[in-house]
Amino acid sequence: MAESYRDWWSLVGVDSLVGEAPAGWLDAPVANDVAAKPKSAPVAEPETPSLPAALQRREAPAEADAEGPVVFPDEWSAFQAWLAESAEVPGSQWDARRVLPQGQTEAPLMLLTAWPEVDDQRDGALFAGPAGPLLDAMLRAIGMTRGDCYLASLAVTRPPGGRCDDRDRGELDRLLWHHLGLAKPARLLLIGGDIVRMAANISLPDARGRLLDINQDGGKMEAVAVAHPAMLLARPAQKAAAWDSLKLFSQGR
């Protein structure tokens, strides 16, 4: 009989004693209190390899949430200084490395992208790295140089992963129209899918090869959209679509 009991318990998975002292199976459980839990030694975090400086995200200084919408400066030089220094600049909380606009107001062409690329943050200037020479070639194709243009990114820092949430996007939308109103370019080149959606409310594939009208201060500003030069380097097949858009500017000169 004893062997029969032993074999039965073995079949159901019980093949050893769980303790010599009797257990209080009907006792009330101990309250879920931190004090009731034994303290365990902290577990050491595994070391992760450090990234190159250009890829490391640097935290911007934390600031208290502003009460109400941010007030943007209405004067050009004050606005530029505000972009460089103010903690109220939308998107400045993403990174401490700001990439500022280059050029002057009322330029014949404004080049606008959503935010800096990794190479831009490394060099402190827009359209840096391998994308730079390609952009210069694109401008030469329409008879222009960087010196003729006003170069800007809507956000002066890059969001984590190159994406922002709806709350940040709303503030950037306000900044977009204020920035265009002060810059007053004759024409606008939208670079990259994110800025095309913000400024023209259209996807980049749908905007290619089309002359877009951007409403600004009661008037319309001619604009075309192209993929970012860094994307064109990664996907050369898209260069033809970019040239189709740029030709719209070239034909109107």
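Rolling a 1.4 Å probe over the heavy atoms of the protein chains gives segment 163-208 an accessible area of 44 Å² per residue. Based on the alpha-carbon gyration tensor of segment 61-186 and its eigenvalue square roots a ≥ b ≥ c, which shape applies: rounded if a/c is under 1.5, prolate if not and a/b is larger than b/c, or oblate? In terms of gyration-tensor shape, oblate. On full extension, the segment bounded by ASP244 and ALA137 gains 37.1 nm, given 0.36 nm per residue less the C-alpha separation.
Roughly how many percent of the accessible protein surface of segment 73-126 is carbon and sulfur, given a 1.4 Å probe and a whole-percent answer? Exposed carbon and sulfur together represent 47 percent of the surface.
Between SER77 and ARG235, residue separation times 0.36 nm minus the direct Cα-Cα distance comes to 53.1 nm.
Each Lys or Arg adds one and each Asp or Glu subtracts one; over the other residues with Cβ under 14 Å from the Cβ of ARG208, this totals +3.
Here segment 137-253 has 48 percent of its accessible surface on carbon and sulfur atoms, given a 1.4 Å probe and all protein chains in place.
The values are calculated or read from the model by the stated rules, or taken from the named source; none is laboratory data. Nothing here was measured: the structure is a model prediction, and the numbers come from that model. Here Cβ is always computed from backbone atoms with ideal geometry, including for glycine, and neighbour counts include all displayed protein chains. Remember, those area values only see protein heavy atoms, side chains included, never the ligands or the DNA or RNA. Shrake-Rupley method; radii C 1.70, N 1.55, O 1.52, S 1.80 Å.
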